[in-house]
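The values are calculated or read from the model by the stated rules, or taken from the named source; none is laboratory data. Since the model is a prediction, treat every value here as computed from it, not as a measurement. When we count neighbours, we look across all protein chains shown, and the Cβ atoms used for this are built from the backbone with ideal geometry, even at glycine.
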Amino acid sequence: MTTEIFKIEDMQELQLTLKDAMLFSEFFSALVGVLYLYKLRNSYWKWFSIYLIIIFLQEYFWIVINTGFYTWNVEYYVFFGIPFQYIFLYWLYAYKSLKKKKLFILCSFVYLITIGIAVGFVALGQVLALSTTVGTLILTILVVLEFIKQIKNDDILKFRKNKMFYINIAMVLFYIGTYPYHVFGSELYNDFSKIDAIYYTYFLIANCIMYLLFAASFIWGKQQS
């Protein structure tokens, strides 16, 4: 029993380090985005730079500055933080990469109407979990469509210069890879604390890798208008 407790405590120390690493990776990707902002001024990718800047600022504000305002934190992420991330990614995938405006509108509508209905019936904490669950489910469909597109036109063979390839891998590792954690998070926490600790550690590692891949998409990806 002592060994088990030690392992979980050891994992918690690692998680604290990874939280700092996560914030640094967000800062790094935002910094790279700023450095490429002028070069991308005539491309829709400039909005990806701005997206990363906003993500870092909101994470820094809520994690570092306002750690004590839990209720406000949840309200912010329910009504702006999480919806902003998903709607932007739907726009990037459906509207810009797949060139399907109606698909973007449909994905955004389904996501927002689901969250809007949930707000009236369940607690904010549950809405936040539902927001991530539904948002990731829709995003998974877009990721699959993007992979199909890359395979069909041989973009997958030029992956080093393909900005969407880096972003797609990032989505698979983080959003899709941590999907079960968001769906079954409470059950894992209550019944399988060790499994929860391992999965949460993966969540943090995947988050770090995702933002590093975002930075890589600027550095090695071919600029598109």
* **Residue pairs meeting the criteria (Cβ under 8 Å; at least 6 apart or on separate chains; first modelled with pLDDT under 65, in the stretch 3-22; second exposed (fewer than 13 other Cβ atoms within 10 Å of the Cβ) and not in a helix (DSSP H, G or I))** => none
* **Pairs with Cβ under 6 Å, 6+ apart, first in the stretch 63-82 and over 11 Å from G125 (Cβ atoms) and modelled with pLDDT of 65 or more, second among the small types (G, A, S) and surrounded by 13 or more Cβ atoms within 10 Å (Cβ to Cβ)** => I82/S131
* What do you reckon, is T133 more than 13 Å from the chain's Cα centre (by Cα) and either modelled with pLDDT under 95 or outside any helix (DSSP H, G or I) (or both)? -> no
* Asked: Residues of the stretch 109-129 being at pLDDT 90 or above, buried (at least 19 other Cβ atoms within 10 Å of the Cβ) and closer than 27 Å to W47 by Cα, which ones?
  -> Y111, I115
* To do: Identify all residues within the stretch 137-168 that are among the β-branched types (V, I, T) and modelled with pLDDT under 95; write none if there are none.
  => I148, I151, I156
* Cross-chain or 6+ apart pairs with Cβ under 7 Å, the stretch 106-119 first and small (G, A, S), then crowded, with 18+ Cβ neighbours inside 10 Å -> S108/Y90; A118/V127; A118/L130
